[in-house]
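The values are calculated or read from the model by the stated rules, or taken from the named source; none is laboratory data. Predicted model only: the values in this text are computed from it and were never measured. Heads up, the Cβs are rebuilt from the backbone with ideal geometry, glycines too, and the neighbour counts pull from every protein chain shown.
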Amino acid sequence: MAVSFVGRGMWPKIFLKICKLWVYIVAVGCLVMPLVVWIIIFIENTKCFSDTMGHYLGNDQWVYDQMDGDPNAGYVGNTNIPKHLGGPVFAAAFDVAMWIIILIAICADLFWKFPICRQFLESMWADGLYYTPDKTFKDIEFFFLVANAFLKIFIVVATGSQTYTGLYPKQDEPQLDTPLFCLYATLCLAGSIPFTIIALFYILHGMKMKEYKDELAAAEAAAAAKK
């Protein structure tokens, strides 16, 4: 096996393995970080709002200001929940939506490896984030890589916005500096986007060329069998 690995194709194979490792570890890891951020935000928002406002879902600004003691803030203390009607409901819905969007982005990065990722994308009506006509790669086009990149940019913007609104721990020694973690998560994801596009391009191109070679070998074998 080692002998077959060495040759003209050695460096392309090594580069392809590096690209796959990048996607498996870095690209997916940079999406897992925002996913963790949004889970933390959901928990912190829900707990802090409940501790401060109880079950109040009204639209009376005076009630919010009296209960959280900060009349100058547009958000309930230490949350990203705005002081208006149904604020926690909308905030929770947005948090859950971000979980789904991030899972879609992860599946769009891994669809070429795991069939369940393709199935998840189909269930979310996100077919445009992958391309497998007749379950082959030989006719692949790469426009969907850019679409997935823009989806990640949206995740960056949405997650980064959490760094600047609410979520200021009131504890003297908070266990987790959520705004700082949000910032790290967004910077890591933003930095990984262009390199992930390049890595996926080479991975998919390699699979495309493999299918071409397999089809050519099958055609040659069929032609030889007819002689």
Item to check | Number of the condition not met by TYR24 [criteria: (1) modelled with pLDDT of 90 or more; (2) among the hydroxyl-bearing types (Ser, Thr, Tyr); (3) crowded, with 19+ Cβ neighbours inside 10 Å] | outcome: (3)
Checklist entry - Being in a loop (DSSP other than H, G, I, E, B), among the small types (Gly, Ala, Ser), at negative phi and in contact with a helix residue (DSSP H, G or I) (Cβ under 6 Å, 6 or more places away or on another chain), is that true of even one residue in region 120-133? => result yes
Next on the checklist: Residue under question is PHE201, and the condition is that it be within 17 Å of CYS107 (Cβ to Cβ), at pLDDT 85 or above and surrounded by 12 or more Cβ atoms within 10 Å (Cβ to Cβ); does it hold?
Outcome noted: no
Checklist entry - Given the structure, is GLY166 in contact with a strand residue (DSSP E or B) (Cβ under 9 Å, 6 or more places away or on another chain) and either at pLDDT below 90 or closer than 21 Å to ILE102 by Cα (or both)? => result yes
Checklist entry - Can you tell me how many residues in region 180-227 are more than 25 Å from the chain's Cα centre (by Cα), over 19 Å from PHE114 (Cβ atoms) and assigned to a helix (DSSP H, G or I)? => result 16
Checklist entry - Residues TYR64, TYR56: which one is in a helix (DSSP H, G or I), among the hydroxyl-bearing types (Ser, Thr, Tyr) and surrounded by 13 or more Cβ atoms within 10 Å (Cβ to Cβ)? => result TYR64
